[in-house]
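Accompanying notes for the structure given below.
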């Protein structure tokens, strides 16, 4: 564990709530706190209290200690108790880009929590020194920020106060930046500075106005999309050195977040067809339903646009075209956000709430302008207030051309001509696909995992196993499936496409060779079983973010042949395991977002052929894990949500065939590793891997063989 050289200051939050201001004496170096923490020095203060560098008296471990107190000074205050409850939940988070919380407790009228001590500087400090960042560094930071939020959001934790001051940058030996997200949802107090609004109760406001979402500004319920909005603001600031919305006061700034359209600003700053602008616009949609829904969607777009990992070779700010973002390709593929589609509307209900708040606070009339914009398909476009006749004629001509192109595209997607055929080429039988040259409908992935755009002519060996990943157009044109041969694909993968429902899938039931079906974030529901019943070869199923209940799976006549299942939905693990109890040949099972208890673990041992298992359980104990040693074929085990310490070593040693285990390992030493290796003598070599948690103490390697 490394030391912090400085802690991010919070100039936008008042210091009235520091320990001394609340009647709590500031802790001095050498002083002992709560009987176990020896104070080394103060690292700074904020609206919640003060942070200290400390050493744990018994563990001899350097940590950071944050001491704070409820607004009322009463430890039983309901707001304060909610903060403590949330902090305890945060202590279960274990990700390499989130500062780890170790302990949460109270001491008299104070509460405190100890956390990881990191060495670095805040993004706020970095921006104050450099102004703006290079595109590669900005997206390196932004991508890690998205990974941290994707991890936390999937575990039900929302940050609610994303800003540069809460993003720590730890510089690595190779010059790269490692992100550490701090103050994760802990702030729940109110400061009186102009930019300091941080309340937590329903109808109140939490966050920093410069980085606050429209729903936060009016005290509405927040969700994961709130964090994504704030991240879009941070990304803009990293790339430009400026804040996209900043008024002369906090309330004017909030008004801009609610009513100011960012698209004209992005167009002016970045130019047309900028990949960066598309991502930022997707984050900054005023209406949550049009914003990115999940951090995972942002990560997918970053990868698609070659922004994270950063491989983009063109001008990030003023790109006209790039190999990955051509106009036709974006029209066919579509980014996960709908921010660049026509018909942006103002959230008038939100605006009304905002003006009611202003009236209630007697702040008078606030005037702010909204910038009108019109957005063309796949690119940012502005509409001047006045144009000449020639410009008007040119615009009409361009519109006619666009309409003609859309009509041609619609005709192509609505046609019934088969896409594929078998023919001999150079003496061997080949599978030939013929698509439109200038418009892709998805990806075709070969047996080596390499994707090819479903555009132009593609040739594969007739016996090669292929997968099809359609773009979002499949929801509007489901009959595209019927233009493929029944044996063209062994797998179909549909991800993040809410226009896809069970009726859409009814058009692929002729694919009798289909063995794998992936449905992530679709509108597929319980009637899916009608489609599954017509796919006799299917034995590999992924259902995530869809409304398919375990009871529907139980009606699938082929469930007994199931070999691989990845499932996430609002259900209980017990109901899922009961639905697939006849799948005695099950080889791999991944369960996401479902609570799993000791009884469920015992039920899992009935699947004797299970070789790969992944699940999440924050309260997993060594005794719980020991139940799974009864699985005779288990080779790969992935456990999320809990901390796996050395106390698990005797249990891990008992797994007979385990060769790989991924979990949030923590507090292991060389002695523990050596003991595990000794205890597993005669068993297969075991590889342990951390799941994106804080670095192991003393720089220990995370792999063990």
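Quick look at the values:
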item: So residue 591, is it part of a strand (DSSP E or B) and in contact with a helix residue (DSSP H, G or I) (Cβ under 8 Å, 6 or more places away or on another chain); result: yes
item: Single residue of 118, 170 found to be touching a strand residue (DSSP E or B) at 6+ places or on another chain (Cβ under 7 Å), more than 22 Å from residue 210 (Cβ to Cβ) and part of a loop (DSSP other than H, G, I, E, B); result: 118
item: Residue within segment 69-85 that is modelled with pLDDT of 80 or more and outside the structural domain of residue 641 (by TED's automatic domain parsing) present; result: no
item: Conditions (1) modelled with pLDDT of 90 or more; (2) closer than 28 Å to residue 104 by Cα; (3) touching a strand residue (DSSP E or B) at 6+ places or on another chain (Cβ under 6 Å); number of the one not met by residue 177; result: (2)
item: Residue in segment 286-305 that is without any contact (Cβ under 8 Å) to a residue 12 or more places away in the chain, farther than 24 Å from residue 215 by Cβ and either in the same structural domain as residue 209 (by TED's automatic domain parsing) or in a helix (DSSP H, G or I) (or both) present; result: yes
item: Given (1) in contact with a strand residue (DSSP E or B) (Cβ under 9 Å, 6 or more places away or on another chain); (2) modelled with pLDDT of 85 or more; (3) assigned to a loop (DSSP other than H, G, I, E, B), number of the condition residue 245 does not satisfy; result: (1)
item: Selection count, segment 636-695, where residues are within 18 Å of residue 101 (Cβ to Cβ) and assigned to a helix (DSSP H, G or I); result: 0
item: Residue tally, condition under 18 Å from residue 477 (Cα atoms) and under 37 Å from the mean Cα position of the chain (by Cα), over segment 416-452; result: 12
item: Residue 599 being under 26 Å from residue 634 (Cβ atoms), outside the structural domain of residue 298 (by TED's automatic domain parsing) and surrounded by fewer than 16 Cβ atoms within 10 Å (Cβ to Cβ); result: yes
item: Options 333, 311, 324; residue that is modelled with pLDDT under 80 and touching a strand residue (DSSP E or B) at 6+ places or on another chain (Cβ under 9 Å); result: 333
item: Single match in 244, 280 (criterion: surrounded by fewer than 21 Cβ atoms within 10 Å (Cβ to Cβ) and within 24 Å of the chain's Cα centre (by Cα)); result: 244
item: Residue match in segment 628-635 (condition: in a loop (DSSP other than H, G, I, E, B), closer than 30 Å to residue 152 by Cα, at pLDDT below 90 and touching a helix residue (DSSP H, G or I) at 6+ places or on another chain (Cβ under 9 Å)); result: no
item: Qualifying residue in segment 210-232 (condition: surrounded by fewer than 24 Cβ atoms within 10 Å (Cβ to Cβ), closer than 29 Å to residue 137 by Cβ and at pLDDT below 50); result: no
item: Considering residues of segment 413-462 that are touching a residue at least 60 places away in the same chain (Cβ under 8 Å), in contact with a strand residue (DSSP E or B) (Cβ under 9 Å, 6 or more places away or on another chain) and in a loop (DSSP other than H, G, I, E, B) only, the residue farthest from residue 484 (Cα to Cα); result: 440
item: Residues that are surrounded by fewer than 21 Cβ atoms within 10 Å (Cβ to Cβ) and either farther than 20 Å from residue 60 by Cβ or modelled with pLDDT of 90 or more (or both), drawn from segment 655-671; result: 656, 657, 659, 660, 662, 671
item: From the options 37, 15, 102, residue that is modelled with pLDDT of 85 or more, under 23 Å from residue 118 (Cβ atoms) and surrounded by 14 or more Cβ atoms within 10 Å (Cβ to Cβ); result: 37
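The values are calculated or read from the model by the stated rules, or taken from the named source; none is laboratory data. On a predicted model such as this, the values are computed, not experimentally measured, just so you know. For neighbour counting, all protein chains shown are included, and Cβ atoms are generated from backbone atoms with ideal geometry for every residue, glycine included.
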